[in-house]
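Structure, as structure tokens:
The values are calculated or read from the model by the stated rules, or taken from the named source; none is laboratory data. Keep in mind it's a predicted model, so treat the numbers as computed, not measured. Methodologically, a virtual Cβ is constructed for each residue, glycine included, from the backbone with ideal geometry; neighbour enumeration extends over all protein chains shown. Just the protein is used for accessible areas: all its heavy atoms, side chains included, with ligands, DNA and RNA removed. Shrake-Rupley method; radii C 1.70, N 1.55, O 1.52, S 1.80 Å.
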Protein chains: 2
Amino acid sequence: VSEIMSMDPRTGAIREVIGLATGTDEVDRLCTQAEEAAAELRGRPRSWRVALLRGMADALEANRDPLVATADAETALGEARLNGELTRTCFQLRLFADTVEEGGFLEATIDPAGQTPMGPRPDLRRMLVPLGPVAVFGASNFPFAFSVPGGDTASALAAGCSVVIKAHESHPATSRLCGEAMAAAASACGAPQGTIALVFGREAGADLVRHPAITAVGFTGSLGGGRALMRLIDTRPTPIPFFGELSSINPVVITEAAAADRPKEIGAGIAASAMLGAGQFCTKPGLVLVPRGDDGDMIAKTAAAAIAAEGPRVLLNAGITRSFRDRLVRDSTHPSLRTLARGSQDDESESLVTPGLFEVDLSDLDPSLTEECFGPVTLLVRYDDPADLGPAVRALPSSLTATVHTGPDEDDERLDALLKVLENGAGRLLFNGFPTGVAVSWAMHHGGGWPSSNSQHTSVGPTAIRRFLRPMCWQDTPEKFLPDELRDHFTGIPRRVNGVLTTA
Amino acid sequence: VSEIMSMDPRTGAIREVIGLATGTDEVDRLCTQAEEAAAELRGRPRSWRVALLRGMADALEANRDPLVATADAETALGEARLNGELTRTCFQLRLFADTVEEGGFLEATIDPAGQTPMGPRPDLRRMLVPLGPVAVFGASNFPFAFSVPGGDTASALAAGCSVVIKAHESHPATSRLCGEAMAAAASACGAPQGTIALVFGREAGADLVRHPAITAVGFTGSLGGGRALMRLIDTRPTPIPFFGELSSINPVVITEAAAADRPKEIGAGIAASAMLGAGQFCTKPGLVLVPRGDDGDMIAKTAAAAIAAEGPRVLLNAGITRSFRDRLVRDSTHPSLRTLARGSQDDESESLVTPGLFEVDLSDLDPSLTEECFGPVTLLVRYDDPADLGPAVRALPSSLTATVHTGPDEDDERLDALLKVLENGAGRLLFNGFPTGVAVSWAMHHGGGWPSSNSQHTSVGPTAIRRFLRPMCWQDTPEKFLPDELRDHFTGIPRRVNGVLTTA
């Protein structure tokens, strides 16, 4: 059994030995406990779940200082960013509490008994109910918002599920602190033992997705990691849904009109978005289509200057650092790739990498260049003819986002055709903005075609709750055995009665 | 390449050679055409889709006589049942048209730009959009309602997808006739070529789920067939969702109070439900828990008399006939199984099978007896102690339905505990009824835990549309490039604006 280490990515040193990896027997015990908890949680009223989620948000905020300090020590993301991320995480827990309170997510539906063209119909009442224990895999790059207290955990708890979370190797101490704060809040609310649990270590993650009690998996991480878990799930006697957010290059198209209108602003925006969080965002703009010519050159020049001015950066962990360096070494041998900005590799200590900006002609773009590269680098792809943009975008892998920058003198018909291609390959279409920054709101969609996700649901925002619910229909059931929300005179949530949607 | 035959299950004779199985190249051509059609369909307004669905319903009804006659010749289900099934199928197409018209399924959501605790938020607008070409696998036992013109096809078209349907071997002539009527209706509406297409043959089905243009699969059929398709899908470079409705035993629990109250009525009800459609319904009550003692004996005696009075039956096809006989031969060697009713096997010609009723003590129930047996047979399981019911139900595989019959003097506390177990293993809970008969209505849920389905969605009723949709978010998008339903002043559908749900 291996030891779980908290590492300092700034020095490469061991900060702390957290303990041993969670063994198979312990994973089994925790999953069994989560199953018992799920049976109990299912019967709790929505108001109780609301209190649980708000209690957890309060508990995390009460521990803000040690949480942010520990996360910074383990991820080098910086205290400003981590403070913001914790604020977002607590906001998210409270938004899910509001969602549970509002009740529309239940899809409560009542069709009273009556006559139909096919004969008499019984009384039918439907709503969504929790799936059961959910396995959550924390991400390296968001120690709060997509990890132990993140959106997958929040939406699973909001759905009425218990959760068993596989802590990410990059921040085990942060994960443990978050888990302790949330477990204490759960306990203070009278939650059953097993409502929330953590496991540590890669093998524990494999044990988790194979465990018969687990009913769904939420995952944010690499394509390789996601694929490996999907293969394990395929070996289960009972299939379960896997909701994965994986790999995304997030193409940005700069039209000729946009380039002519504001080349410096766009160049600076590309650099800022690509360098944010040391390029370790799933929505990093990894590929930017820029027109050939003076306007495009100005975009390239501005972005290159901004990136050249960036100092060396610490990445999240040694594995990511190694992958980033390997990828840049590989790309530097690509016959058609031009380096627009790159600090000297002499600057790089064991723990530092130098940001980069590369350029290639559209005609030389090949699949090796359209794989996501995690870290502070992006690629400008220069095009000659706007008519080539549609086919170029169509050839890219699907992404979480697709962005277009337009100018005042746009050819709307051509743009409309391009938008159709962009929409087809992405979950979120942005105009004149940059894809980093994923608002937590009702209308957000964070997901997209393979390989960016394998899901028909968002992993950010209230509707993420649908991933951990299933429909249940009660036929001719006496009122006393129905859930409150399906009883005749219940009010306070949206319901569909006799096919007609009514608000609270 | 094999020939596709229309068989007469009453005689075992070939009715007609339909043609050759669809080859790989032709499947490729049809899927490519479906992809082009999907791109076109996506841009059509909802009102057009409404007209398409209603036009298809009208076209099927205009062909009622030949459709019912052909289906009866191929399935032996009888004209009365098939007339009802066609009525249901047309009702279903029209209900999906109503669903598209109502527009709530789009989940249209608008969060205007504004301030948040995490800083400024852009304008975000979200709604569900069609996935793309959907592969549909028709079922043997519902030549209309779960086949070419069935719920999977209707919900995929309603979602704005194109469909490629694998016709079931049991009724290729019916499938062809339905496909022709629907394609003519589509053409009359100005649908693009490739909106709906059919393929024939097992290999064509395999080609279909592997084709890169296919974005989702709807399947109603056997556990083995579903498993085989899931394995094929696992080999795709790009994963796609598989919505399977597979195998279900649909347990029925008769409490002591129910047995005391109306034993004859319950016995007759069990027999009627289990024999309906020659026991070839996915919601057939395949296992009935009956108390020991005089009341339970009366239930058994009444059901046995009703089933003994049933004449020999023709099943859907030679394969189902063979499986049914093999299963009954296997069960008859089970040391603990008692035969309560079984006509002499001498009655059986090549094409006829004899209905059966078996009984076993709960203590002797084993997994070989809890697999679905497709055909006119059911199993009574006799229990001594009501306290054993919870564990007994928990040990059963999950089902589409679970039913309880209660009496006037029920122990509500004990019943409540039993309901929790029943709900956990089923998608629909019925009181004092029988599970056959699945109403097409908003509150229906047709789906359940594995192996009854692998889906978090129903395959019957308006919400089945969600299977073939994905969210899309538009950020800071000029109004002219937004879908109508997301524009500021659009009215006529439910929308969530700034988190608040508003009706049309």
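Observations on the model:
- Exposed loop positions in chain B were taken to be GluC sites (Glu not before Pro) whose DSSP state is not H, G, I, E or B and which have at most 15 other beta-carbon atoms within 10 angstrom. Between these positions, the longest stretch is B:1-347.
- When A:PRO237 is represented by a point 7 angstrom out along its Cα-to-C-beta vector, the spacings to that point in the other copies are 3.6 nm, nearest first.
- Nearest-ten-degree value, helix A:412-424 long axis tilted from longest Cα axis of chain A: 60
- Of every Cα-Cα pair in the protein assembly as shown, the percent that sits beyond 39 Å: 46
- Theoretical ellipticity at 222 nm over the protein assembly as shown - DSSP helices of four or more residues, -39500 (n - 2.57) apiece, nearest 500: -12000 deg cm²/dmol
- A cut-off of 5 Å between modelled amide H atoms, ignoring neighbours fewer than 5 places along the same chain, links B:GLU245 with B:PHE219, B:THR220, B:GLY221.
- Each Lys and Arg Cβ is given +1 and each Asp and Glu Cβ -1; about its Cα centre, segment B:51-138 then shows a dipole of about 360 debye.
- Between the helical axis of A:46-62 and the longest alpha-carbon principal axis of chain A there is an angle of about 40 degrees.
- Computed over every Cα-Cα pair of segment B:35-156 and binned at 5 Å starting from 0, the pair-distance distribution P(r) comes out as 2, 10, 16, 17, 15, 11, 9, 7, 4, 3, 2, 2, 1, 0 percent.
- With the convex hull drawn over the C-alpha atoms of segment B:354-451, the volume per residue is 131 Å³.
- Taking every residue in A:236-246 and counting other chain Cβ atoms within 10 Å of its Cβ, the average works out to 2.
- Taking every Cα-Cα distance in segment A:125-284 and sorting them into 10 Å bins from zero, the calculated P(r) comes out as 10, 34, 28, 16, 10, 4, 0 percent.
- For the set A:ASP207, A:ASP111, solvent exposure ranked by accessible area (probe 1.4 Å, protein chains only) runs largest to smallest as A:ASP207, A:ASP111.
- If you sort the three axes of the alpha carbon gyration tensor as a ≥ b ≥ c, you get a/c of 1.5 or more for chain B and a/b no higher than b/c, which makes it oblate.
- Under the criterion of Cα pairs below 8 Å and six or more residues apart, the relative contact order for segment B:274-416 equals 32 percent.
- With all protein chains modelled, accessible area of B:ILE233 [1.4 Å, Å²]: 10
- Label distances, nm, A:THR503 versus same residue in remaining copies, Cβ-directed 7 Å point: 1.0
- Averaged over peptide B:430-440, the number of partner chain Cβ atoms lying within 10 Å of each residue's Cβ comes to 4.
- Three-way shape call for segment A:216-372 based on the alpha-carbon gyration tensor, with the a/c threshold at 1.5: prolate
- B:MET472, B:MET298, B:MET230, reordered so the largest accessible area comes first (probe 1.4 Å): B:MET298, B:MET230, B:MET472
- Nonlocal amide H pairs with B:GLY356, under 5 Å, H built at 1.01 Å: B:VAL377, B:THR378
- Solvent-accessible area of B:ILE4 with every protein chain in place, 1.4 Å probe, in Å² to the nearest 10: 20
- Of the chymotrypsin sites (Phe, Trp or Tyr not before Pro) in segment A:447-504, those whose Cβ has at most 16 other Cβ within 10 Å and which sit in DSSP loop: A:PHE490
- Projecting the Cα atoms of A:THR370, A:PRO291, A:PRO451 onto the dipole axis of the protein assembly as shown, where Lys and Arg carry +1 and Asp and Glu carry -1 at the beta carbon, places A:PRO291 farthest toward the positive end.
- Pairwise centroid distance, computed over Cα atoms, of segment A:136-193 with segment A:46-113, Å: 10
- Note: segment B:180-267, Cα convex hull, 197 Å³ per residue.
- Between segment A:446-481 and segment B:403-449, the alpha-carbon center distance in angstrom: 22
- Partner shielding of A:14-20 amounts to 0, given as the average count of beta-carbon atoms from other chains within 10 Å of each residue beta-carbon.
- q = 0.14 Å⁻¹, segment B:298-432: log10 I(q)/I(0) [Debye, one scatterer per Cα]: -0.75
- Extension gain for A:THR32-A:ARG44 works out to 2.4 nm (0.36 nm per residue, less the C-alpha to C-alpha distance).
- Modelled FRET efficiency - R0 30 Å, A:THR116 with B:ALA62, Cβ distances, 0.05 increments: 0.85
- Cα shape, segment A:1-85, gyration tensor, a/c 1.5 rule: oblate
- Between the Cα long axis of helix B:223-234 and the first principal axis of chain B there is an angle of about 30°, rounded to the nearest 10.
- FRET efficiency for A:THR24 and A:ALA504, using Cβ-Cβ distance with R0 set to 45 Å, rounded to 0.05: 0.45
- Antiparallel %, DSSP beta bridges [both residues in the protein assembly as shown], to 5: 40
- Shortest first, B:ARG29 label-point distances to identical copies amount to 6.5 nm, with the label point at 7 Å from Cα along Cα→Cβ.
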